[in-house]
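The values are calculated or read from the model by the stated rules, or taken from the named source; none is laboratory data. Computed from a predicted model, the values in this text were never measured in an experiment. Don't worry about glycine lacking a Cβ; one is built from the backbone with ideal geometry, like all the others, and counts go over all protein chains shown.
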Amino acid sequence: MSRVSKIEPTSSYPPETTADELNHLAHTIKDWSIGNGLAVRTPPTVIASEADPTGITAVPAPVTLFPSGFPRQAFLQGQKAQQAYNDLYAAVSRDERFLADVVKQVIDGDDFVRDLWAVHETVKSEGYTQPLSLGLFRSDYMVHEDKSSSPPTHQAKQVEFNTIASSFGGLSVYASKLHNFLAKTEYALLEQSLAPEVLELPENNAIEGLAGGLEAAYQAYGDSELGHDKCVIFLVQGGERNVFDQRHLEYQIGKATPTIPVFRLPFADIVEHTSIAANPKRQLLYTHPRNPNKVFEVAVIYMRAGYGPGDYPNQQAWDARCHLERSHAIKCPTVLTQVAGIKKVQQVLATPRPSSEPSILSKFIKDDTPSAIALWNTFTNIYPMDTSDVGLEARKKALDPKQCVDYVLKPQREGGGNNIYGSAIPDFLKTVPEGHWNSYILMELIKPPPVKNFILRNGNIEKGRVISELGVYGTCLWNQTTGEVLRNEQAGWLLRTKGEESEEGGVAAGYGCMDSVSLT
Ligand code: ADP
Ligand code: MG
Ligand code: MG
């Protein structure tokens, strides 16, 4: 981290800029982004058109013109909590009875979680053959500002915890690099110049960190007893637009010596290109589509697909997931770890401690330890939507037009675009049978203080007040049977930013944009 001084929250940041200056910045970013892979594939509508019949084009990822100011206190808090979060979710993944109980609470209204759990039960009845489990996690936060203290304090409050397909680690590093580049070249030339030393841009090692997790699992797998070369599989969605984010990790793994072969396998092609060795260990074998004589033993399956119902259009898709799960490959994640990431688990873990009794969290992390305190400090109010006293209270809030505006209603889904916000909640609930309300959780909205910035999206500059969401990555490799943790690392971060009024912030979903942190 290099710095001389920092942005004062009261100062005018980003600096006042002329239209010419903004256009010039946009032009510089346009080239830098493609030149360095801060990019996404062109939308399918363009690919299908005559403009790009072979689908070779890419466009810059939406990004802010300046790194957004972000409170140091909250940034450091998120970094510091990550190892405790890694331990927590490794422990939750190992507690099958706890997970079974949580799943039971949502399963009536949620076929996806039901089917996911069925995969676990099938493999369990046969017996898992791979004790190691890999998590590439991302804990997401927004800043809660407490104005009652002077100066106001800033706390990182957790939005959610991702245990599968935690994306944007690749692009986040390049968003950091872009802003570093602009700080050295362009910002100082503005009429209201911004000297590089004014910004404090923390380092971001997300690519090395996440790739390091995959490499550690690859090594821990051991040698192939069948005499094959080993490989890592990136399990991906067909037509993925966010492919460069994934490629950055792949290219990083490619730097290892001796070489670690990495192959991209579309979820729909699992059965065609993989098989399970006919022995009790059930090694997963990958036959290269271009060379059927080349067979690899899959050491690690990194899933960037399989997190939502869209990847499972039929029973064959579920069978394919089961096929992977019963194999000896190290899964990132296992079904159990994926289930540990559902929002219901987050809600249960954040249940306040009843007086004189241990908290639910203490099943996994001892109460009153520094780790437990770090976790508690990131929790915000989340309520069940069941028929317990607290649940009935939550239902009242959700249905009340005055109170509902302070909440978001979440189903057990990943990938953005699934939540119901504020005033839309009552009408939405009327469309869901009351018996299925349990499969949602009600979460208090975190309202971070907006800052000014510019978003460059599709060549257009949007100016305004924006809010940011910090993601902190973690890698964890553990033994499901013994509980031994072989690796537990904080692995870089992500800043995504969206217009103050926008409800969802997903970059891939088209609402938010890439950003990086300038500490305030
Ligand atoms: P997903 O797993 O689909 O990403 P999230 O829980 O992260 O689901 O919600 C999606 C987005 O909705 C977040 O990125 C954030 O912008 C917004 N959001 C979710 N929960 C909250 C909250 N409690 N307060 C404010 N915004 C929220
Ligand atoms: Mg999210
Ligand atoms: Mg998520």
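Return the only residue of ALA188, ALA211, ALA183, ALA165 being touching a Lys or Arg at 6+ places or on another chain (Cβ under 6 Å) and either outside any helix (DSSP H, G or I) or more than 16 Å from ligand 1 (Cβ to nearest atom) (or both).
Answer to the check: ALA165.
Among the numbered criteria (1) out of contact with any strand residue (DSSP E or B) (no Cβ under 6 Å at 6 or more places or on another chain); (2) under 22 Å from LEU214 (Cβ atoms), which single criterion is violated by CYS322?
(2)
Is there a residue being more than 16 Å from ligand 2 (Cβ to nearest atom) and within 30 Å of LEU214 (Cβ to Cβ) anywhere in segment 412-431?
No, every residue in segment 412-431 fails to be more than 16 Å from ligand 2 (Cβ to nearest atom) and within 30 Å of LEU214 (Cβ to Cβ).
Looking at segment 381-422, which of the residues that are more than 16 Å from ligand 3 (Cβ to nearest atom) and of a type in the set (Val, Ile, Thr) is farthest from GLN82 (Cα to Cα)?
Selected residue: THR387.
Name the one entry in GLU500, GLU444, GLU462, GLU504 that is in contact (Cβ under 8 Å) with a residue 24 or more places away in the chain and within 16 Å of ligand 3 (Cβ to nearest atom).
Criteria check complete, one pass: GLU504.
Please pick out the residue among THR28, THR45 that is modelled with pLDDT under 95 and in a helix (DSSP H, G or I).
THR45 is the lone residue from the list that is modelled with pLDDT under 95 and in a helix (DSSP H, G or I).
Does any residue in segment 406-433 that is under 13 Å from GLU160 (Cα atoms) and surrounded by 14 or more Cβ atoms within 10 Å (Cβ to Cβ) come within less than 9 Å, Cβ to Cβ, of a residue that is among the aliphatic types (A, V, I, L, M) and at pLDDT below 95 six or more places away or on a different chain, and which pairs are these?
Filtered contacts from segment 406-433: GLY415/ALA508; GLY415/ALA509; GLY416/VAL507; GLY416/ALA508; GLY416/ALA509.
Listed here are the residues, each with its yes/no results for (1) assigned to a helix (DSSP H, G or I); (2) free of Cβ contacts under 8 Å to residues at least 12 places away in the same chain; (3) among the aromatic types (Phe, Trp, Tyr); (4) within 21 Å of LEU134 (Cβ to Cβ).
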site	(1), (2), (3), (4)
THR257	no, yes, no, no
ILE260	no, no, no, yes
ARG264	no, no, no, yes
VAL271	yes, no, no, no
ASN279	no, yes, no, no
LEU285	no, no, no, yes
ASN291	no, yes, no, no
ALA299	no, no, no, yes
ALA305	no, no, no, yes
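Being within 16 Å of ligand 2 (Cβ to nearest atom) and among the hydroxyl-bearing types (Ser, Thr, Tyr) is the filter here; which residues of segment 127-170 pass it?
Passing the criteria: SER139, TYR141, THR163, SER166, SER167.
For segment 159-190, how many residues meet the condition of being within 16 Å of THR64 (Cα to Cα) and within 16 Å of ligand 3 (Cβ to nearest atom)?
2
What strands (runs of 3 or more DSSP E) completely inside segment 405-505 contain at least 3 residues that are touching a Cys at 6+ places or on another chain (Cβ under 8 Å) and more than 12 Å from ligand 1 (Cβ to nearest atom)?
Those strands (runs of 3 or more DSSP E) span 451-457, 485-499.
Does VAL159 satisfy being in a strand (DSSP E or B), hydrophobic (A, V, I, L, M, F, W, C) and in contact with an Asp or Glu (Cβ under 7 Å, 6 or more places away or on another chain)?
The answer is yes for VAL159.
So, in segment 33-74, exactly how many residues are in contact with a strand residue (DSSP E or B) (Cβ under 7 Å, 6 or more places away or on another chain), closer than 27 Å to ARG247 by Cα and of a type outside the set (D, E, K, R)?
Within segment 33-74, residues that are in contact with a strand residue (DSSP E or B) (Cβ under 7 Å, 6 or more places away or on another chain), closer than 27 Å to ARG247 by Cα and of a type outside the set (D, E, K, R) number 17.
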